[in-house]
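Let me begin by presenting the structure, written as structure tokens, before commenting on it.
The values are calculated or read from the model by the stated rules, or taken from the named source; none is laboratory data. All values reported here derive from a predicted model rather than from experimental measurement. Because the Cβ atoms are built from the backbone with ideal geometry, glycine has one as well, and the counts that use them run over all protein chains shown.
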Amino acid sequence: MLSLEAIPKEKWDIPLGDDDNPIPLIEFERASTELELIEEMESHLPIPVYPSKELCQLLRQQGKNIDINTELKITKVFDSGDAGGIVCSIIEENKQVFVVSLTHLRVNPEHPLSDKILAYQKQRIKNISGSRKRTLSRRRKHRRRK
């Protein structure tokens, strides 16, 4: 997460906060883009998707007979905040429902939202990777100090 000191004051979005606690414009733009994507996805429900390899492995461990070619359907879309990003309620062939991060689903390239969803997924994965690298770096620095 960015600190307010990292953003010039003229870039703060004052109307959304107050004089003492303005909300940075960068955070607002990210949240606004996610909310727009959620709204667009909701207007296209149900959205046919396919699980990632990682999701297939996880579901197989839970006894589900799913492979990367199994068509699933997104039935609801939620914003779970910075920690989870966009999550989806999906239903599989046997009518079982579960909640999955959008980053673990593949959308058909012919779907009207495929470009927007793919762009979100790439940015989300990039953000998660950067966050993990910063966390590992902090841990290493902390160990060196001891």
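Of all the residues that make up segment 67-84, how many are surrounded by 11 or more Cβ atoms within 10 Å (Cβ to Cβ), outside any strand (DSSP E or B) and at pLDDT 90 or above?
Total satisfying the criteria: 4.
Do any residues in segment 43-61 that are under 13 Å from His111 (Cβ atoms) have Cβ atoms under 9 Å from those of residues that are of a type in the set (Asp, Glu), where the two are at least six apart or on different chains, and which pairs are they?
Here the result reads Pro48/Glu71; Val49/Glu71; Tyr50/Glu71, each pair linking segment 43-61 to a residue that is of a type in the set (Asp, Glu).
Tell me the residue from Arg106, Arg124 that is modelled with pLDDT of 90 or more and either under 29 Å from Thr75 (Cβ atoms) or part of a loop (DSSP other than H, G, I, E, B) (or both), please.
Exactly one of Arg106, Arg124 is modelled with pLDDT of 90 or more and either under 29 Å from Thr75 (Cβ atoms) or part of a loop (DSSP other than H, G, I, E, B) (or both), namely Arg106.
Out of all the residues in segment 85-125, which are touching a residue at least 60 places away in the same chain (Cβ under 8 Å) and surrounded by 14 or more Cβ atoms within 10 Å (Cβ to Cβ)?
Selection gives Val107, His111, Leu113, Lys116, Ile117, Tyr120.
If you go through segment 46-66 one residue at a time, how many are exposed (fewer than 15 other Cβ atoms within 10 Å of the Cβ) and small (Gly, Ala, Ser)?
1
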